[in-house]
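Participant: The structure is given below, and queries will be raised subsequently.
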There are 2 protein chains.
Amino acid sequence: MPEAFSFEVTHRCGAARAGVLITPHGAIKTPAFAPVGTRGAVKSVTHRDLVGLGAQILLANTYHLHLRPGGDLVGRAGGLHDFIGWDRPILTDSGGYQVMSLSDLRKLTEKGVEFRSHIDGSKHMLTPERSMEIQRLLGSDIVMAFDECPRADRPRDEIAASMEMSMRWAQRSREGFNAGGEHAERSALFGIQQGALDEDLRKISADKLADIGFDGYAIGGLAVGEGQEAMFATLDFAPAQLPQDRPRYLMGVGKPDDLVGAVERGVDMFDCVLPSRSGRNGQAFTWNGPMNLRNARFAEDTDPLDNRCTCDTCNTYSRAYLHHLVKSQEILGAMLMTEHNIAFYQQLMQAMRDAIGEGRFATFAKDFRRDYLR
Amino acid sequence: MPEAFSFEVTHRCGAARAGVLITPHGAIKTPAFAPVGTRGAVKSVTHRDLVGLGAQILLANTYHLHLRPGGDLVGRAGGLHDFIGWDRPILTDSGGYQVMSLSDLRKLTEKGVEFRSHIDGSKHMLTPERSMEIQRLLGSDIVMAFDECPRADRPRDEIAASMEMSMRWAQRSREGFNAGGEHAERSALFGIQQGALDEDLRKISADKLADIGFDGYAIGGLAVGEGQEAMFATLDFAPAQLPQDRPRYLMGVGKPDDLVGAVERGVDMFDCVLPSRSGRNGQAFTWNGPMNLRNARFAEDTDPLDNRCTCDTCNTYSRAYLHHLVKSQEILGAMLMTEHNIAFYQQLMQAMRDAIGEGRFATFAKDFRRDYLR
């Protein structure tokens with residue numbers, strides 16, 4: 001790990017772990033959840049409110065920022081922290097997942113991915129080396145290796161071949177990252193385990209990544225449609241295959257019950273658009289499960305979204321008002337619902353950290369599921 | 001005036017006045033600007049931020065709230081303050097203007113206006129009495145008389161006939177309001193002067209309103225397309241026709257230079273959607289004039305929107321980031337731009353109050369126009 005980084009597991013409770021990841025932009029208590037600021041902004045929440053709600057780290061998307069405003073422009077502005085006015089840690093993905101899911105006319109080769117921008121049709125090439133270069137321009141604290149993420153339901157030999165290529169790309173990512181000069185000394189590079197739902201392929205991937213050597217390890221290729229049962233079955237073995245002394249990051253996950261089940265299986269970090277996207281769609285997450293505020297039964301409900309939640313939305317506003325805002329498509333509805341959802345996610349992470357620290361995670365998880373999945 | 005209300009002009013400077021309007025939900029320093037929360041929410045700003053930015057009073061629209069969620073529902077929730085979680089003064093319009101501009105199939109008679117909802121086509125009737133009843137259910141602090149507002153370019157006899165009817169409606173509004181029991185004792189009723197650009201008609205209207213007796217007087221029928229020059233020409237005589245000891249409210253105005261020119265002519269209160277609507281469209285108001293953040297020249301501009309502004313947007317973010325957000329249609333762009341615009345409007349009002357208090361309003365207005373209209 002670069003000197004500016006460290007990771008320490010401070011508590012264990014079954015497979016669950018609590019710890020601290022130190023970065024040049026501050027400490028992150030784990031298990032941690034990163035809200036997603038795709039284009040350098042979380043939808044409908046200000047940075048100051050994110051900080052107030054307990055967000056410790058922001059995820060930004062390399063693919064989107066590369067297309068607009070461009071890595072070079074952000075680099076000239078002094079990096080993403082300066083450009084967007086956020087002084088806490090930033091994690092950037094590699095662009096690999098989104099270039100395959102969002103762009104037009106993709107051509108995948110050993111070299112990388114050729115694609116056309118979904119914004120203006122312009123032609124681009126993303127490779128491990130180029131992804132490292134863009135993430136360096138963005139000044140990311142946690143850089144992700146460039147990988148390919150196939151659907152979990154592809155044939156095993158396809159999954160295996162894709163994983164093998166991702167491991168070669170991981171090596172090239174490591175080399176590209178190391179060539180980044182000063183940035184490589186003050187940022188961390190995470191490798192990404194692939195292999196879909198297959199224990200043997202996951203093990204091969206984990207070993208190859210450990211041989212290359214990364215500052216943290218992501219579990220990729222999950223939450224892509226395989227379902228919670230298959231995801232948990234994979235998490236029963238995948239985290240333990242990764243180095244014990246480094247953070248483990250489950251990308252793009254998930255629902256509150258996904259997070260609890262993944263922490264239970266040894267995951268330390270998460271990111272997901274769900275709290276903000278659901279908030280914009282009128283869905284609130286609460287300790288008693290999700291709640292759709294479009295439902296007419298909330299029209300005169302004077303209770304807060306969640307009695308246990310301490311956010312300003314729950315302290316100030318009734319479900320009736322939120323129902324009115326959501327039905328009227330008022331921007332404030334999206335703002336208040338997102339604020340609550342992000343607050344809830346952060347409170348959930350804090351509750352998990354507390355439960356692990358106090359050696360009672362199993363009871364916490366049981367109680368959580370009793371109330372949340374009722 | 002009901003006992004819970006009082007208005008005092010504390011300073012005069014030419015025709016400009018500074019004062020304090022006391023309401024049961026708090027004091028309003030005048031000249032004051034009310035952000036517009038059409039459906040009980042200012043678009044893209046939270047209530048707590050509005051308060052932080054200096055908003056002293058919120059305007060809500062009777063027409064919109066009557067159609068959704070309905071005056072009865074808001075009444076059952078304890079009124080608009082409780083329903084929307086806002087504990088400062090609320091001013092509601094009468095619905096008269098919007099029923100004519102927004103609804104379908106309007107039929108205007110001496111009795112009132114019959115119309116169909118623009119939301120679901122349902123049939124409604126709005127009369128002076130019904131408007132008073134709905135505003136009572138909303139628990140408004142400042143209730144507006146029900147009036148008709150014709151276009152200023154209609155023939156004089158039409159303007160005169162409309163004004164005469166509005167004055168009969170003003171009398172019926174007064175009676176309907178007075179019949180409102182306890183609410184009439186803790187809220188104020190404002191009459192609305194009509195007569196378009198005609199000094200004689202405005203005088204007749206003002207005298208009729210004074211005879212009926214109101215707690216404040218609005219100048220209606222302006223900012224409906226007549227242009228700033230004609231508006232100012234009317235404001236050269238209209239405010240002085242109204243009682244000196246009551247607040248004067250110019251409805252639906254306006255641009256920053258409109259506000260300065262109207263205060264200069266004796267207006268005490270304003271409301272307008274402009275700071276929020278413009279913010280959502282990428283336009284910022286600054287001491288150096290309006291600025292369209294869509295413009296490519298801001299792509300790498302590291303300055304804040306306005307060096308003199310003290311809002312969080314100006315303290316934290318660059319024009320380059322705001323340009324990126326606006327171009328990317330990020331909700332955060334609308335939020336930050338609106339926050340700045342409302343902050344700027346409140347800072348402008350404060351600067352006018354200070355200038356009046358210190359007897360230097362003419363210099364202030366001259367300096368303002370030099371920088372703003374350059």
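Participant: In the stretch A:67-93, which residues are within 17 Å of A:Ser187 (Cβ to Cβ) and outside any loop (DSSP other than H, G, I, E, B)?
Facilitator: Listed by number, the residues that qualify are A:Gly71, A:Val74, A:Gly75, A:Leu80, A:His81, A:Asp82, A:Phe83, A:Ile84, A:Ile90, A:Leu91, A:Thr92.
Participant: Output the residues belonging to the stretch A:175-196 that are under 30 Å from A:Ala152 (Cβ atoms) and aliphatic (A, V, I, L, M).
Facilitator: Those that are under 30 Å from A:Ala152 (Cβ atoms) and aliphatic (A, V, I, L, M): A:Ala188, A:Leu189, A:Ile192, A:Ala196.
Participant: Let me ask something else. Considering only residues of the stretch B:326-346 that are in contact with a Lys or Arg (Cβ under 6 Å, 6 or more places away or on another chain) and assigned to a helix (DSSP H, G or I), which is surrounded by the most Cβ atoms within 10 Å (Cβ to Cβ)?
Facilitator: The residue in question is B:Val326.
Participant: Among (1) surrounded by 19 or more Cβ atoms within 10 Å (Cβ to Cβ); (2) within 14 Å of chain A (Cβ to nearest Cβ), which single condition is B:Met349 missing?
Facilitator: Only one criterion in (1) surrounded by 19 or more Cβ atoms within 10 Å (Cβ to Cβ); (2) within 14 Å of chain A (Cβ to nearest Cβ) is unmet by B:Met349, namely (2).
Participant: Also, quick follow-up: Working carefully through the options A:Asn307, A:Asn315, find the one that is more than 7 Å from chain B (Cβ to nearest Cβ), more than 28 Å from A:Lys366 (Cβ to Cβ) and surrounded by fewer than 20 Cβ atoms within 10 Å (Cβ to Cβ).
Facilitator: Step by step, each of A:Asn307, A:Asn315 is checked, and only A:Asn315 is more than 7 Å from chain B (Cβ to nearest Cβ), more than 28 Å from A:Lys366 (Cβ to Cβ) and surrounded by fewer than 20 Cβ atoms within 10 Å (Cβ to Cβ).
Participant: When the residues of the stretch A:98-129 are narrowed to those that are crowded, with 20+ Cβ neighbours inside 10 Å and among the hydrophobic types (A, V, I, L, M, F, W, C), which ends up nearest to A:Phe270 (Cα to Cα)?
Facilitator: Taking the candidates together, the pick is A:Val99.
Participant: Checking the condition over 23 Å from B:Gly176 (Cα atoms) and in a helix (DSSP H, G or I), which residue from B:Ser101, B:Ser131, B:Ser162 passes?
Facilitator: B:Ser101
Participant: Just checking, which of B:Gly95, B:Gly40 is in contact with a strand residue (DSSP E or B) (Cβ under 7 Å, 6 or more places away or on another chain), buried (at least 24 other Cβ atoms within 10 Å of the Cβ), at positive phi and at the interface with chain A (Cβ under 10 Å from one of its Cβ atoms)?
Facilitator: B:Gly40
Participant: Just to check your reading of the model, which residue among B:Arg248, B:Arg186, B:Arg174 is assigned by TED's automatic domain parsing to the domain that holds B:Glu129, within 15 Å of B:Ile142 (Cβ to Cβ) and under 18 Å from the mean Cα position of the chain (by Cα)?
Facilitator: It is B:Arg248.
Participant: Answer with yes or no whether B:Ala365 is away from chain A (no Cβ under 14 Å), touching a helix residue (DSSP H, G or I) at 6+ places or on another chain (Cβ under 6 Å) and small (Gly, Ala, Ser).
Facilitator: Spelling it out, B:Ala365 is indeed away from chain A (no Cβ under 14 Å), touching a helix residue (DSSP H, G or I) at 6+ places or on another chain (Cβ under 6 Å) and small (Gly, Ala, Ser).
Participant: While we're here: Condition first: surrounded by fewer than 15 Cβ atoms within 10 Å (Cβ to Cβ), within 20 Å of the chain's Cα centre (by Cα) and touching a residue at least 24 places away in the same chain (Cβ under 8 Å). Can you find one or more residues in the stretch B:80-89 that meet it?
Facilitator: yes
Participant: Just one of A:Leu189, A:Leu197, A:Leu209 is at pLDDT 95 or above, in a helix (DSSP H, G or I) and not acidic (Asp, Glu); which is it?
Facilitator: From the options A:Leu189, A:Leu197, A:Leu209, the qualifying one is A:Leu209.
Participant: May I ask you to list the residues in the stretch B:318-335 that are at the interface with chain A (Cβ under 7 Å from one of its Cβ atoms), free of Cβ contacts under 8 Å to residues at least 60 places away in the same chain, closer than 24 Å to A:Arg277 by Cβ and not charged (D, E, K, R)?
Facilitator: B:Tyr321, B:His324, B:Leu325, B:Ser328, B:Leu332
Participant: Can you name the number of the only condition in (1) more than 9 Å from chain B (Cβ to nearest Cβ); (2) surrounded by fewer than 22 Cβ atoms within 10 Å (Cβ to Cβ); (3) modelled with pLDDT of 95 or more; (4) out of contact with any strand residue (DSSP E or B) (no Cβ under 6 Å at 6 or more places or on another chain) that A:Arg374 fails?
Facilitator: With respect to (1) more than 9 Å from chain B (Cβ to nearest Cβ); (2) surrounded by fewer than 22 Cβ atoms within 10 Å (Cβ to Cβ); (3) modelled with pLDDT of 95 or more; (4) out of contact with any strand residue (DSSP E or B) (no Cβ under 6 Å at 6 or more places or on another chain), A:Arg374 is out only on (3).
Participant: I've got another one for you. Could you tell me whether A:Leu67 is aliphatic (A, V, I, L, M) and within 14 Å of chain B (Cβ to nearest Cβ)?
Facilitator: The answer is yes for A:Leu67.
Participant: When the residues of the stretch B:306-317 are narrowed to those that are outside any helix (DSSP H, G or I) and without any contact (Cβ under 8 Å) to a residue 40 or more places away in the chain, which ends up farthest from A:Gly85 (Cα to Cα)?
Facilitator: Only one residue tops the list, namely B:Arg308.
Participant: Any chance the stretch A:256-270 includes a residue that's over 26 Å from A:Gly225 (Cβ atoms) and either within 14 Å of chain B (Cβ to nearest Cβ) or buried (at least 17 other Cβ atoms within 10 Å of the Cβ) (or both)?
Facilitator: Residues of the stretch A:256-270 that are over 26 Å from A:Gly225 (Cβ atoms), as a first pass: none.
Scanning the stretch A:256-270, I find no residue that is over 26 Å from A:Gly225 (Cβ atoms) and either within 14 Å of chain B (Cβ to nearest Cβ) or buried (at least 17 other Cβ atoms within 10 Å of the Cβ) (or both), so the answer is no.
Participant: A follow-up question, please. Looking at the stretch B:51-63, which of its residues are buried (at least 24 other Cβ atoms within 10 Å of the Cβ) and either within 14 Å of chain A (Cβ to nearest Cβ) or not β-branched (Val, Ile, Thr) (or both)?
Facilitator: B:Ala55, B:Leu58, B:Leu59, B:Ala60, B:Tyr63, listed by residue number.
The values are calculated or read from the model by the stated rules, or taken from the named source; none is laboratory data. For clarity, every value in this text was computed on a predicted model and none was experimentally measured. Here Cβ is always computed from backbone atoms with ideal geometry, including for glycine, and neighbour counts include all displayed protein chains.
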